[in-house]
Amino acid sequence: MDALVMCGGRGTRLGAGEKPLTSIGGRVLVDRVLTALAESQIDTTYATISPHSPETARRLRADPGVTTIETPGAGYVSDLKQALDALEPPVLTVVADLPLLSGALVDAILDRHTERSLAVCVPIGRKRALGVSVDETAIVAGEWLPSGLNVVERADTTQYKAIDSIRLAVNVNRPRDAMIGTRLLEVLGDGS
């Protein structure tokens, strides 16, 4: 299966420039995600780039392990749809701001994938217990939040899977999330 890393957003909530290039524990976010994918069963890695992230685009174009897909930066859903139109499903989609992602976790999610699209969620309680930001507008079934990791298939049906994992609960959207992610890396380490 191929993977698509979403790297073209503005990252305004973080307030630290291009979010994929934010350093967490001495490594930039996008490199952490790319390493997790390289250590997984993923065959080919693609990454979206946009006019909003020129330094990220330069970095990704120089990476021989990544194929870039240019998007207009019109928003996450619009850019995701455009990028997916260029790829053959199934495709694992992942946001570039999951600093705790590991190859073992990616493989565990791929093993749970069936013929339908898979939307991986984390319990709101896990995010709140960690102290990371919670997007109240994205709540699924009253108790879960999207993790930023999905498997997209051709069919319109989506299976939701809640996984109570610290590694999926930390999306770096705000400065506090970056601080918590850095602390958790010290405890969990980079890998599985």
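Within a straight-line Cα-Cα reach of under 24 Å, K127 can be paired with the following lysines, leaving aside sequence neighbours fewer than 8 residues apart in one chain: K19, K161. Overall, segment 134-184 carries a charge dipole of about 280 debye about its Cα centre when +1 sits on the Cβ of Lys and Arg and -1 on the Cβ of Asp and Glu, all other atoms neutral. Taking the Cα centre of the chain as origin and assigning +1 to Lys and Arg Cβ atoms and -1 to Asp and Glu Cβ atoms, the resulting dipole is close to 660 debye.
The residues of the chain have, on average, 46 Å² of accessible surface per residue, using a 1.4 Å probe with all protein chains present.
Translational diffusion coefficient of segment 16-151 (Stokes-Einstein, Kirkwood radius from Cα pairs, 20 °C, 1.002 mPa s): 134 µm²/s. Translational diffusion coefficient of segment 93-192 (Stokes-Einstein, Kirkwood radius from Cα pairs, 10 °C, 1.306 mPa s): 115 µm²/s. Extent of segment 1-95 along its three principal axes (Cα atoms, max minus min coordinate, largest first): 34, 29, 21 Å. Kindly provide log₁₀ I(q)/I(0) values, in the same order as q = 0.17 Å⁻¹, from the Debye equation applied to equal alpha-carbon scatterers of segment 128-176. Log10 of I(q)/I(0), two decimals: -0.59. No solvent, one uniform scatterer per C-alpha: report log10 I(q)/I(0) for segment 110-156 via the Debye equation at q = 0.20, 0.29, 0.32 1/Å, two decimals. Here log10 of I(q) over I(0) equals -0.70, -1.04, -1.15. Bridge orientation summary for the chain: considering DSSP beta bridges with both residues in this region, about 40 percent are antiparallel. Expressed in units of 2.2 N^0.38 Å, where N is the residue count, the Cα radius of gyration of segment 47-112 is 1.20. Placing +1 on the Cβ of every Lys and Arg and -1 on the Cβ of every Asp and Glu, with no other charges, gives segment 71-143 a dipole of roughly 240 debye about its Cα centre.
Please give the calculated 222 nm ellipticity per residue for the chain, where each DSSP H segment of at least 4 residues contributes -39500 (n - 2.57) and the sum is spread over every residue; nearest 500 deg cm²/dmol? Walk me through the numbers before you get to the answer.
Working: 7 runs with 63 residues, N = 192.
For the chain, the value works out to -9500 deg cm²/dmol.
The values are calculated or read from the model by the stated rules, or taken from the named source; none is laboratory data. All values derive from a computational prediction rather than experimental measurement. Don't worry about glycine lacking a Cβ; one is built from the backbone with ideal geometry, like all the others, and counts go over all protein chains shown. Each accessible area value is taken on the protein alone, full model and side chains, heavy atoms only, with ligands, DNA and RNA left out. Shrake-Rupley method; radii C 1.70, N 1.55, O 1.52, S 1.80 Å.
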